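We did not get these values from a lab; they are worked out from the coordinates using the rules stated. Worth saying up front: this structure is predicted, and the values here are computed from it rather than measured. Using ideal geometry, Cβ is built from the backbone for each residue, glycine included, and neighbour counts are taken over all protein chains shown.
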Amino acid sequence: MEAASQKTFYKKVLVVDDNPTDRFIAKKMIEKCSFAQETILCESAQQALEYLRALEDEPDALPNFIFLDISMPGMDGYEFLEQYATFPEVIKAKCIILMLTTSLHPDDIERAQSNPLVIRFINKPISRDKLEMISNDFPAEN
Amino acid sequence: MQMKQKDENLDQSAHIAEFLSAIKTKSDRLANYFIFTFFAFGLFLATFYDTWQIAVGVGGLLLVAYFSAKMVLADSDLYQYVLSAVLGIFMAQFIYQMHGLFEMHFTAFLSSAILITYQKWKLQIPLLIIVIVHHALFAYMQYSGVGGIYFTQLDHMSLQTFIFHIVLVAAIFSVCGLWAYQFKKYSEMHIDLIFKKKEIENMELKRANYELDHFVYSASHDLRAPLNSMLGLIEIAKDETEEDHTLEYLEALKGNAERLDTFICDILDYSRNLRTDVSNDSISYKELLNDIEQNLKFMGDNSRSVDFITAIRGDSPVFSDKSRLNNILNNLISNAIRYQDTEKKNPFVKIEIDILEDETHIVISDNGIGIPEESQPKIYDMFYRASNKAVGSGLGLYIAKEALNKLGGQIKVTSKVGEGTAFYIQIPNRQIIKI
């Protein structure tokens with residue numbers, strides 16, 4: 001615990017998930033592992049898009065990671081990606097998108113992996129090991 | 001989809017070709033009977049006016065003509081036209097043998113009817129030509145005084161009678177030709193109808209299949225989503241308590257939830273293997289094993305990690321069904337991890353892949369707990385579990401074997417309790433099979 005709290009890896013993580021329990025788990029795990037200083041929770045893709053768009057002029061406030069759920073009512077993860085693709089480079093360069101989902105559908109995995117914006121496909125639930133793996137693979141800049 | 005359509009069309013034309021060849025074989029057999037009967041009839045007629053030379057000579061020549069044409073022109077239908085002509089000449093032979101007995105003309109009608117069996121109206125043409133030429137020539141020759149023609153017993157035949165004769169013959173031949181044509185059209189229509197019906201049924205089946213597929217995926221997702229939320233919460237709860245009992249309960253809860261999750265995934269795999277077509281993907285075993293290793297990292301109790309030893313030999317291009325292959329390897333490797341021997345210091349799973357040109361050999365061995373000899377024949381049975389300590393669904397090896405069957409592969413096992421297990425798999429290269 002001590003060791004973990006000493007090194008907080010990232011500034012900000014954005015979690016996009018319609019399920020309140022999953023949002024809670026993500027926030028809690030991120031806090032426990034000191035994965036990020038701040039966790040922003042969005043309950044819909046629209047809300048997440050609005051949040052990101054509002055930060056266009058202050059790129060430093062953009063999240064390092066976006067944990068994106070695929071199946072959400074209304075706008076789903078893929079539709080979010082379509083909209084996100086039209087965003088300015090400033091935003092896209094800063095954020096790393098990880099698809100976080102329970103889907104086993106090969107089409108889903110294929111679709112997520114073939115999308116250049118999606119860096120990785122991760123199965124729920126989010127755990128200590130998975131967060132550690134992410135932080136190993138994407139060392140924080142500062 | 002377009003490919004499928006093409007396949008179906010090909011299938012249909014193949015079916016029609018097969019049907020036509022069946023008609024041909026059957027008709028050829030009938031033709032053999034008739035042509036020998038005609039020859040024998042000629043011999044019988046020879047007894048009346050002692051025309052043995054004609055019966056054997058002309059009749060024999062006709063037999064030779066037909067059968068040699070059939071042998072030489074086996075690939076084409078031309079011999080059938082030869083048959084038509086041969087039957088016409090037989091008629092001329094019979095008329096001569098019976099010294100112009102009028103009733104012998106009826107053999108032409110018989111021949112015309114025989115030819116219907118081939119379901120080709122054009123076969124009437126040679127017969128008709130021979131009848132016309134024969135009648136015109138021989139009638140002309142007899143009435144102009146040439147001796148020994150024996151075309152008719154009538155003293156005189158007017159042009160009017162001759163025309164009636166020929167027109168009637170032509171009418172009968174045309175009717176026979178029409179029947180032949182209609183038979184063929186009807187058969188084709190029938191086949192067409194059957195195929196249309198099959199196509200509709202196929203489409204309905206595909207739709208039902210798609211809907212079921214969709215349902216299974218949605219249902220498994222909807223079952224797994226809350227289950228995974230529960231697993232996440234258990235993880236958090238475990239983190240926040242020091243209470244031994246609570247930790248124990250949470251651990252048990254986690255084990256059960258994971259078991260349920262595995263079970264849902266296995267059912268999904270089972271259903272997917274059963275209903276999806278085998279695809280033909282380019283396979284990179286290196287990538288496949290990497291993905292599996294990544295996925296299995298977080299499997300079971302993470303207190304001990306199992307060493308992955310991989311060796312891939314051979315560089316022939318491999319084509320197989322990626323999803324099924326992944327499933328097979330995943331099941332076998334996860335078993336090796338699941339049934340690791342806690343007594344041993346360094347548990348490992350070793351995956352050796354030998355890629356040959358037309359098939360791939362895979363050996364997956366471990367130093368796990370092993371499978372008792374009496375259980376070995378039953379490990380591929382549905383819901384069979386060799387160990388009661390096991391947390392599996394009892395579907396893993398069953399699914400792996402079923403998937404392997406679909407790929408045309410084979411699996412063998414050797415195992416010794418306390419020493420370890422080795423699975424030997426052989427999978428044919430699909431690209432080679434296709435050619």
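Relative contact order of chain A: what whole-number percent is it, with Cα pairs under 8 angstrom and at least 6 residues apart?
With pairs under 8 Å counted, the relative contact order is 24 percent.
For B:Leu260, put the label point 7 Å out on the Cα→Cβ axis and report which residues of the stretch B:190-229 keep their amide N under 18 Å from it.
B:218-229, by backbone N distance to the label point.
For the protein assembly as shown, build the charge dipole from Cβ charges (+1 Lys, Arg; -1 Asp, Glu) around the Cα centre, then report which of B:Ser112, B:Ser229, B:Ser271 sits farthest towards its positive end.
Going by the Cα projections, it comes out as B:Ser112.
Using 17 Å as the cut-off for backbone N distance, which residues of the stretch B:84-115 belong to the label zone defined by a point 7 Å from the Cα of B:Lys24 along Cα→Cβ?
Under cut-off, by backbone N: B:84.
Hey, any idea what Rg/Rh is for the stretch A:2-137, computing Rh the Kirkwood way over Cα pairs?
0.94
Using a Förster distance of 22 angstrom, determine the FRET efficiency expected from the C-beta separation of B:Leu247 and B:Ser305, and round it to 0.05.
Details: r = 22 Å, r/R0 = 0.98.
Using R0 = 22 Å, I get an efficiency of 0.55.
Once the Cα atoms of helix B:106-115 and of chain B are each reduced to a long axis, what angle between those two axes, in degrees from 0 to 90 to the nearest 10, is obtained?
It works out to around 10 degrees.
Please give the length that would be gained between B:Ala113 and B:Met157 if that part of the chain were fully extended, namely 0.36 nm times their separation in residues minus their C-alpha to C-alpha distance (nm, one decimal).
The span from B:Ala113 to B:Met157 would gain 13.2 nm if fully extended.
Put one equal scatterer on each alpha carbon of the protein assembly as shown, apply the Debye formula with no solvent term, and list log10 I(q)/I(0) at q = 0.06, 0.11 1/Å to two decimals.
-0.56, -1.07
So who's got an amide H within less than 5 Å of the one on A:Met75, skipping anything under 5 residues away but keeping other chains? H placed 1.01 Å off N, in plane.
A:Ala45, A:Gln46
Taking Rh as the Kirkwood radius, which is the inverse of the mean 1/r over Cα pairs, what is the Rg/Rh value for the stretch B:2-201?
Looking at the stretch B:2-201, the ratio lands at 1.10.
Please arrange B:Ser320, B:Ser284 by counting, for each residue, the other beta carbons lying within 10 Å of its beta carbon, fewest first.
So the ranking, lowest neighbour count to highest, is B:Ser284, B:Ser320.
Estimate the FRET efficiency between A:Glu38 and A:Asp129 by the formula 1/(1 + (r/R0)^6), using the beta-carbon distance for r and 30 Å for R0, to the nearest 0.05.
Here the calculated transfer efficiency is 0.85.
At q = 0.18 Å⁻¹, what log₁₀ I(q)/I(0) does the stretch B:233-281 have when each alpha carbon counts as one equal point scatterer in the Debye sum?
-0.64
Take the Cβ-Cβ distance between B:Ser144 and B:Ile194 as r, set R0 to 41 Å, and report the resulting FRET efficiency rounded to the nearest 0.05.
Details: r = 59 Å, r/R0 = 1.44.
According to the calculation, E is roughly 0.10.
With an 8 Å cut-off on Cα pairs and a minimum separation of 6 or more residues, tell me the relative contact order of chain B in percent.
About 10 percent, as a whole number.
Just report the Cα centroid separation between the stretch A:35-63 and the stretch B:175-224, whole Å.
Answer, in whole Å: 52.
Could you tell me which of A:Gly74, B:Phe183, B:Ile125 has its Cα farthest along the dipole of the protein assembly as shown towards the positive end, charges placed at Cβ (Lys, Arg +1; Asp, Glu -1), taken about the Cα centre?
B:Ile125
Nearest 10 degrees, 0 to 90: what angle lies between the long axis of helix B:124-143 and the longest principal axis of chain B (Cα atoms)?
Tilt of helix B:124-143: around 10 degrees.
Note the angle between two axes, namely the Cα long axis of helix B:52-72 and the longest principal axis of the Cα atoms of chain B, as a number of degrees from 0 to 90, rounded to the nearest 10.
30 degrees
At q = 0.14, 0.15 Å⁻¹, work out log10 I(q)/I(0) for the stretch B:279-435 with the Debye formula, treating every Cα as an identical point scatterer and leaving solvent out; two decimals please.
Here the Debye-derived log intensity ratios amount to -0.67, -0.77.
What dipole magnitude, in Debye to the nearest 20, does the protein assembly as shown give about its Cα centre under +1 on Lys/Arg Cβ and -1 on Asp/Glu Cβ?
Computed charge dipole of the protein assembly as shown: roughly 2520 debye.
Give me B:Cys265, B:Cys176 sorted ascending by neighbouring Cβ count inside 10 Å, so fewest comes first.
Ranking B:Cys265, B:Cys176 by Cβ neighbours within 10 Å, fewest first, gives B:Cys265, B:Cys176.
As an exercise, find the ratio Rg/Rh for chain B from alpha-carbon atoms, using the Kirkwood inverse-distance average for Rh.
1.35
Give me a comma-separated list of calculated 3J(HN,Hα) values for the stretch B:192-208, in order, Karplus coefficients 6.51, -1.76, 1.60 applied at θ = phi - 60°, integers in Hz, x for any Gly or Pro.
Once θ is set to phi - 60°, the couplings for the stretch B:192-208 become 4, 4, 4, 5, 4, 4, 4, 4, 5, 4, 4, 5, 5, 5, 4, 4, 4 Hz.
Taking other Cβ within 10 Å of each residue's Cβ, how do B:Trp121, B:Trp52 sort, fewest first?
Final ranking by Cβ density, sparse to dense: B:Trp52, B:Trp121.
Given Cα pairs under 8 Å that are at least 6 residues apart, what percent is the relative contact order of the stretch A:13-56?
Normalised by residue count, the contact order of the stretch A:13-56 is 49 percent.
What dipole magnitude, in Debye to the nearest 20, does chain B give about its Cα centre under +1 on Lys/Arg Cβ and -1 on Asp/Glu Cβ?
1960 debye
What full-extension length gain, to one decimal in nm, is calculated for B:Glu211 and B:Glu352 as 0.36 nm per residue of separation minus the Cα-Cα distance?
Gain on stretching B:Glu211 to B:Glu352: 46.9 nm.
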